[in-house]
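Every number in this text was worked out from the coordinates using simple rules, so none of it is lab data. Because the structure is predicted, anything quoted here is derived from the model rather than measured. Glycine also receives a Cβ, built like all others from the backbone with ideal geometry; neighbour counts cover every protein chain displayed.
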Amino acid sequence: MSEHVLVINAGSSSLKYSLVDATSGTAAASGLVERIGEEQSHHVHHGPSGDFDDDQPVPDHEAALEAAVRAFDKHGPSLSEAGIVAVGHRVVHGGDRFAAPALVDDELIAAVTDLVPLAPLHNPANLEGIEVARRLFPDLPHVAVFDTAFHQTLPPYAYTYAVPSSWPADYGIRRYGFHGTSHAFVSAQAARVLGREPGDLNVIVLHLGNGCSAAAVRGGVSVDTSMGLTPLEGLVMGTRSGDLDPAVHGHLARVAGQSAEETDRMLNSESGLKGLTGANDFREVLRLRADGDERAQLAFDIYCYRLKKYIGAYYAVLGTVDAIVFTAGVGQHSAEARAAALAGLEPLGIHLDPARNADPSDNVVSTDDSPVKILVIPTNEEWEIARQSVGVLTGG
Ligand code: AMP
């Protein structure tokens, strides 16, 4: 029997939803309400009979979820007949309190609220989604699935910054890592593609979307990842800088009188590909680069060079690597980025097959005799959230 989970991902001005069969991963319907609270909102619902758009203003998350419920009523499938067993919520920051998904209750809400200082943009929106959904679906169990949970297995030497030892206890300053739901899904899927047990496999996962992160996964367990206290650390992203000298904050305060808040905002929203080229969308960067734009060429080179450095670092961390897996928008679709990030790594047993790389539909893009397999695997965070939600209910 199919077990459907209504998966909700509430952002600060958006609400994404998906009705997912936890066993097969099939989404019976999905949708997105954007620009919540603005004059003109946008709602698209992908149902069994097609896509439906609605541009009514949506003042808040409650109205957004009500609009989603109305879309299910009008365009299907019927929520009451779908056999929904749970509502699964994406929650960005679980701090060091949540190493696994958990049933939502008042205690969990208090704990996620306590973590707001660590994720001031994300956790309040996630909480809003949970509270609204609990009001609309009071009889269903609600499960919180944390982006940080998969990385709670990092050893202390990987998650501790070399800073005064009181900072972790006083301010929670340590590395947490994000995109955990995607890294968990993709590393397990890599084992399936290779016909191996996840416990026997060492994998480097590269999640390259608007946000980008790398993870070193040993036997199904995350042992290092590139994002840190916040999602700013690590790889070059659409609008985030990734790694940089922490002295930049102090330097800009001294020479430009720039506040910490402004530097923080610029590093998160005005940096990365956007800062380097003006375009945060990787496709646009590729277009500019193809037209001979030097800034776009430099941005592409920086992006791929940073990737290569992390691949090398995680190769050393893992000792032996069975597979390198690319996922998310850039990872799945940019053969150029994959080729540039892996160029010159043949002495490490990493051999890309150019023809397969150009068409990665069979998942494997390495040569047959490549000791390290190179895989392209679409991520599916909604399915992972649905699976983990059912796992919480069944104790699995
Ligand atoms: P995601 O966050 O997973 O939706 O990924 C978004 C990123 O993937 C954006 O930077 C897109 O430009 C990029 N992307 C999507 N499709 C392609 C493509 N065909 N080639 C290169 N980049 C792509």
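Residues in the range 196-233 that are of a type in the set (Ser, Thr, Tyr) and surrounded by 21 or more Cβ atoms within 10 Å (Cβ to Cβ) were compared, and the one that is farthest from the chain's Cα centre (by Cα) is SER222.
Are there helices (runs of 4 or more DSSP H) fully within the range 321-375 with at least 3 residues that are within 16 Å of the ligand (Cβ to nearest atom), touching a residue at least 60 places away in the same chain (Cβ under 8 Å) and out of contact with any Cys (no Cβ under 7 Å at 6 or more places or on another chain)? List them.
On the way: elements: 328-333, 335-342, 354-358.
Once the helices (runs of 4 or more DSSP H) in the range 321-375 are filtered for at least 3 residues that are within 16 Å of the ligand (Cβ to nearest atom), touching a residue at least 60 places away in the same chain (Cβ under 8 Å) and out of contact with any Cys (no Cβ under 7 Å at 6 or more places or on another chain), what remains is 328-333.
The residues in the range 102-118 that are β-branched (Val, Ile, Thr) and exposed (fewer than 14 other Cβ atoms within 10 Å of the Cβ) can be counted, and the count is 1. Just one of (1) on the phi < 0 side of the Ramachandran plot; (2) within 15 Å of the ligand (Cβ to nearest atom) fails for GLY242. It is (1). The set of residues from the range 251-304 being acidic (Asp, Glu), away from the ligand (no atom under 14 Å from the Cβ) and assigned to a helix (DSSP H, G or I) comprises GLU261, GLU262, ASP264, GLU294, ASP301.
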